Amino acid sequence: MSSSPAFVPGFLLSGNNSLLCAAPPLAMMAKILQFNGLSNMQHIHSYRSAGEVSDPPIDTVSLPHDLRHLRRKLLHLSNGDMVMLDLKEAVLFHHGDRLVLDNGDTVEVQAAPEKLFEVKARDTLHLIELAWHLGNRHLSAQIEEGRILILRDHVIRSMLQGLGASVFDIEEPFQPARGAYHSHGGHAHGHDHGNSHSHDNHDHGHDHGHDHGHHHD
């Protein structure tokens, strides 16, 4: 009796492990899903921005900020189910966005809690000055009235404290501000939001008097 084909990255093998063919990535993905009984899973080809959908989502997917820039990915939902995200172009998602399933139901994107520094200033002008120093180092930052949130970085903590800031360890969802040329991404449902290329989480390699080889928690 012949055994079922086995799968290795990039190739499809027969039951006796002889090479049958080189499989293109999408075809291989489909075969693997079928082999694992996942061929009937829901797919996502479009999304809606936060606040556009009033009906409650059927589930949620929790992602940190650096994993919310997506085009094609197998997503694990909070209830244990999996869905396949397959968009025409990469999208930078943020908290509250809805992923639209094949059947019209939606899954809400939630920003996962992350280890952050909460930066507080003496007054509004001081907060603006601190934001300028962080921006000069191309650091992702969530700027709010009265505070700034950044990823933990001991070198940056020392710099901020030297500038008179109070810095506290916290764990919260992180939604860093997008730059002037950054956008939500191309909506697959017809809204054109322009180029989705993001520099927010990109190391530009600039040296502004700061050692980028420091340690992050």
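The values are calculated or read from the model by the stated rules, or taken from the named source; none is laboratory data. Treat the numbers as computed from the prediction; the structure is a model and nothing was measured. Keep in mind that these areas ignore ligands, DNA and RNA; they rest on the heavy atoms of the full protein, side chains included. Shrake-Rupley method; radii C 1.70, N 1.55, O 1.52, S 1.80 Å.
Accessible surface ranking for Glu108, Glu144, 1.4 angstrom probe, highest first: Glu144, Glu108. Between the amide H of Glu172 and those of Glu114, Leu116, distances stay under 5 Å, these residues lying 5 or more places away or on another chain, with hydrogens modeled in the peptide plane. Translational diffusion coefficient of region 92-150 (Stokes-Einstein, Kirkwood radius from Cα pairs, 20 °C, 1.002 mPa s): 156 µm²/s. Full extension of the segment from Glu145 to Asp86, taken as 0.36 nm per residue of separation minus the current Cα-Cα distance, would add 17.6 nm. Here's how it looks for Ser46: its modeled amide H is under 5 Å from those of Val100, which are all 5 or more places away or on a different chain.
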